[in-house]
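Right, one structure below, let's go through it.
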Amino acid sequence: DAGVTQSPTHLIKTRGQQVTLRCSPKSGHDTVSWYQQALGQGPQFIFQYYEEEERQRGNFPDRFSGHQFPNYSSELNVNALLLGDSALYLCASSSSDWGNQPQHFGDGTRLSIL
Amino acid sequence: GDSVTQMEGPVTLSEEAFLTINCTYTATGYPSLFWYVQYPGEGLQLLLKATKADDKGSNKGFEATYRKETTSFHLEKGSVQVSDSAVYFCALEASGYSTLTFGKGTMLLVSP
C-alpha cells in the first residue's frame with residue numbers, strides 16, 4: 001500500500017520563477033493538506049483541499065495556490081518565487097470517512113531558490 | 001490563535017537514558033494532540049496521539065499524557081536508543097478542523 005508520494009524530491013529555481021509541486025495521497029484518502037517547513041522550524045499549514053475545493057487556508061499570500069484533481073491528487077503552485085520560499089514542502093493526506101484520523105505525510109519536496 | 005511551544009534542543013543523551021521533551025499548547029476548545037518524528041531527509045511520521053483529556057498515547061516505548069489542566073503533552077521514554085536520534089514535533093489539531101499546528105521541533109541526539 002503506497003503512502004503519500006511527492007514529486008519532485010528536489011528542485012532549484014531562481015527568484016521570480018514559478019514552480020509546481022505534486023502530491024499523490026495515500027490510497028483511500030480524499031483530503032490533501034500542504035505545509036511549508038523552513039530550515040530548523042516546524043511545518044506551517046498552507047492550505048487544504050477536499051472535493052477539489054480549497055477548504056481551509058493558512059496565512060500565506062495569494063502567490064501560493066493549489067488544485068485537487070478528481071483522483072484526489074494535488075498540486076501546489078508558487079508564483080513570483082522569493083528567496084524566503086526556500087523550504088521543504090510537505091504534503092499530508094487523510095480520509096474524511098473516519099473522524100479523528102491522523103494525517104499521513106510524504107517525504108516532501110526540497111525547494112531551493114537562488 | 002492556536003500555538004504549540006516545545007523545549008529547545010538539541011537534547012543530548014547517552015543510550016539507555018530517560019527522555020523528556022516538554023510541550024505546552026494554547027488552543028480554544030478541545031484539540032487533539034500529536035507527536036510526530038522526523039528522521040534526516042524524510043517527512044514526518046506519526047509517533048503517538050491523544051484525543052481527549054487524560055488520554056495517554058503510546059508507541060515504540062514513547063508515551064505522552066494529555067493534561068488539560070496544565071495544557072501540556074510531554075513526551076517521555078524510559079530508555080532511549082541511538083536509533084531514536086531525530087527531530088520530534090509536538091502538534092495540535094483544533095476541534096472541527098483537520099489541520100495541524102506544530103511546535104518548532106526538538107532535536108534529540110543519542111550517543112552510544
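The values are calculated or read from the model by the stated rules, or taken from the named source; none is laboratory data. Predicted model, so just to flag it, every value in this text is computed and none were measured. Note: ideal-geometry Cβ built from the backbone for every residue, glycine included; neighbour counts use all protein chains shown. Note: accessible area is taken over every heavy atom of the protein model, side chains too, but ligands, DNA and RNA are not part of it. Shrake-Rupley method; radii C 1.70, N 1.55, O 1.52, S 1.80 Å.
Is there a residue being of a type in the set (D, E, K, R) and more than 13 Å from every other protein chain (Cβ to nearest Cβ) anywhere in the range B:6-29? For the range B:6-29, residues of a type in the set (D, E, K, R) and more than 13 Å from every other protein chain (Cβ to nearest Cβ): present. Among residues of the range A:37-49 being open to solvent by less than 20 Å² (accessible area, probe 1.4 Å) and either under 20 Å from residue B:106 (Cβ atoms) or not in a strand (DSSP E or B) (or both), the one that is farthest from the other protein chains (Cβ to nearest Cβ) is A:37.
Each row is one residue, and each column tells you yes or no for (1) within 16 Å of residue B:101 (Cα to Cα); (2) open to solvent by 20 Å² or more (accessible area, probe 1.4 Å); (3) aromatic (Phe, Trp, Tyr); (4) within 12 Å of the chain's Cα centre (by Cα).
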residue	(1), (2), (3), (4)
B:3	yes, yes, no, no
B:14	no, yes, no, no
B:29	yes, yes, no, no
B:46	yes, yes, no, yes
B:57	no, no, no, yes
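Condition test on residue A:90, is it surrounded by 20 or more Cβ atoms within 10 Å (Cβ to Cβ) and either within 14 Å of another protein chain (Cβ to nearest Cβ) or touching a strand residue (DSSP E or B) at 6+ places or on another chain (Cβ under 8 Å) (or both)?
Criteria met by residue A:90.
Scanning the range B:61-87 for residues that are touching a Gly at 6+ places or on another chain (Cβ under 9 Å) and of a type in the set (Gly, Ala, Ser) yields B:61, B:64, B:78, B:79.
The residue that is modelled with the highest pLDDT, among those in the range A:22-32 that are within 13 Å of another protein chain (Cβ to nearest Cβ) and assigned to a strand (DSSP E or B), is A:23. Residue B:52 meets each of the listed conditions (1) farther than 24 Å from residue A:50 by Cβ; (2) away from chain A (no Cβ under 11 Å); (3) part of a loop (DSSP other than H, G, I, E, B) apart from (2). Among the residues of the range A:6-21, the one identified as loosely packed, with under 15 Cβ neighbours inside 10 Å, within 12 Å of chain B (Cβ to nearest Cβ) and assigned to a strand (DSSP E or B) is A:10.
In the range B:71-88, is there at least one residue being in contact (Cβ under 8 Å) with a residue 12 or more places away in the chain, open to solvent by 10 Å² or more (accessible area, probe 1.4 Å), closer than 25 Å to residue A:30 by Cα and not in a loop (DSSP other than H, G, I, E, B)? So far as the range B:71-88 goes, no, none of its residues is in contact (Cβ under 8 Å) with a residue 12 or more places away in the chain, open to solvent by 10 Å² or more (accessible area, probe 1.4 Å), closer than 25 Å to residue A:30 by Cα and not in a loop (DSSP other than H, G, I, E, B).
Looking only at the range A:70-87, which residues are surrounded by 13 or more Cβ atoms within 10 Å (Cβ to Cβ) and either within 19 Å of residue B:93 (Cα to Cα) or over 11 Å from the mean Cα position of the chain (by Cα) (or both)?
Within the range A:70-87, A:72, A:79, A:81, A:85, A:86, A:87 meet the criteria.
Do we find a residue being free of Cβ contacts under 8 Å to residues at least 40 places away in the same chain, within 11 Å of chain B (Cβ to nearest Cβ) and basic (Lys, Arg) anywhere in the range A:61-78? Among the residues of the range A:61-78, not one is free of Cβ contacts under 8 Å to residues at least 40 places away in the same chain, within 11 Å of chain B (Cβ to nearest Cβ) and basic (Lys, Arg), which makes the answer no. When B:18, B:34, B:62 are checked against the criterion of being open to solvent by 30 Å² or more (accessible area, probe 1.4 Å), among the aromatic types (Phe, Trp, Tyr) and at pLDDT 95 or above, B:18 stands alone in meeting it.
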